[in-house]
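Student: Please find one structure pasted underneath; my questions will follow.
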Amino acid sequence: MCILEAEMCTAKNRLGIMAVVVVLVFSACSGNGDGSHTTATTFVSPPPRQVLKAEFRPAKQAPSLPDDVETKEPLLIFNLPDGKTFREGEAVVIDFSLANAKLKGDGGDYRVRYIVDDDDVKWIDRLEQVVLTGWIAGKHTIRLELIGPDGWPYRNNIVTREITVTK
């Protein structure tokens, strides 16, 4: 009889402990107390990041100024049509010409800086083309600025072009 009573006591204890655990679990997941929430953690991979590779090549002969432009002031001309569409994997060439200005690498006092999609500033110190590869699909902005000897953009010589890259 003692053995039977011991087994019944152990079973009651187990049932009691299980009941307490169930109550604790359900009370922790409901109600308005501090411990009344459940946290789930998920890992989401970041979106693809555009990493552009720049290659420099000699510029072709600089085109003359457009007929409607007569100036003795330094002038930057960006030879890329606004709104042009490229395919993914295709190179985008930053081709520009200067009037009445020489770049530092060519013995002058000026520099050209370019910025793609408000990313880091890149510099061009020679009159050469910049070939950019590694574009991801979407709309992009390329901004060229002629920087004067004082380190500031020279009199509104800032040219912006929007391009679209498709898959």
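Rule-based calculations on the coordinates, nothing more; no lab input. Quantities reported herein were computed from a predicted structural model and do not represent experimental measurements. Virtual Cβ from ideal backbone geometry, glycine too; neighbours counted across all protein chains shown.
Student: On the given criteria, is Ile142 in a strand (DSSP E or B), under 23 Å from the mean Cα position of the chain (by Cα) and in contact (Cβ under 8 Å) with a residue 40 or more places away in the chain?
Tutor: yes
Student: Sort through Arg126, Arg113, Arg143 and tell me the only one that's at negative phi, among the charged types (D, E, K, R) and in contact with a Leu (Cβ under 7 Å, 6 or more places away or on another chain).
Tutor: Arg126
Student: Within the range 136-161, can you find the residues that are touching a Phe, Trp or Tyr at 6+ places or on another chain (Cβ under 7 Å) and among the hydrophobic types (A, V, I, L, M, F, W, C)?
Tutor: Ile142, Leu144, Leu146, Ile147, Val159
So that you can scan it fast, the table gives a plain yes or no per residue for (1) closer than 18 Å to Leu52 by Cα; (2) without any contact (Cβ under 8 Å) to a residue 12 or more places away in the chain:
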residue: Val92; (1), (2): yes, no
residue: Ala99; (1), (2): no, no
residue: Gly107; (1), (2): no, yes
residue: Val121; (1), (2): yes, yes
residue: Val131; (1), (2): yes, no
residue: Trp135; (1), (2): yes, no
residue: Gly151; (1), (2): no, yes
residue: Asn157; (1), (2): no, no
residue: Glu162; (1), (2): yes, no
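Student: Let me ask you something else. When only residues in the range 116-129 that are within 19 Å of the chain's Cα centre (by Cα) and in a strand (DSSP E or B) count, which is surrounded by the fewest Cβ atoms within 10 Å (Cβ to Cβ)?
Tutor: Among them, the one singled out is Trp123.
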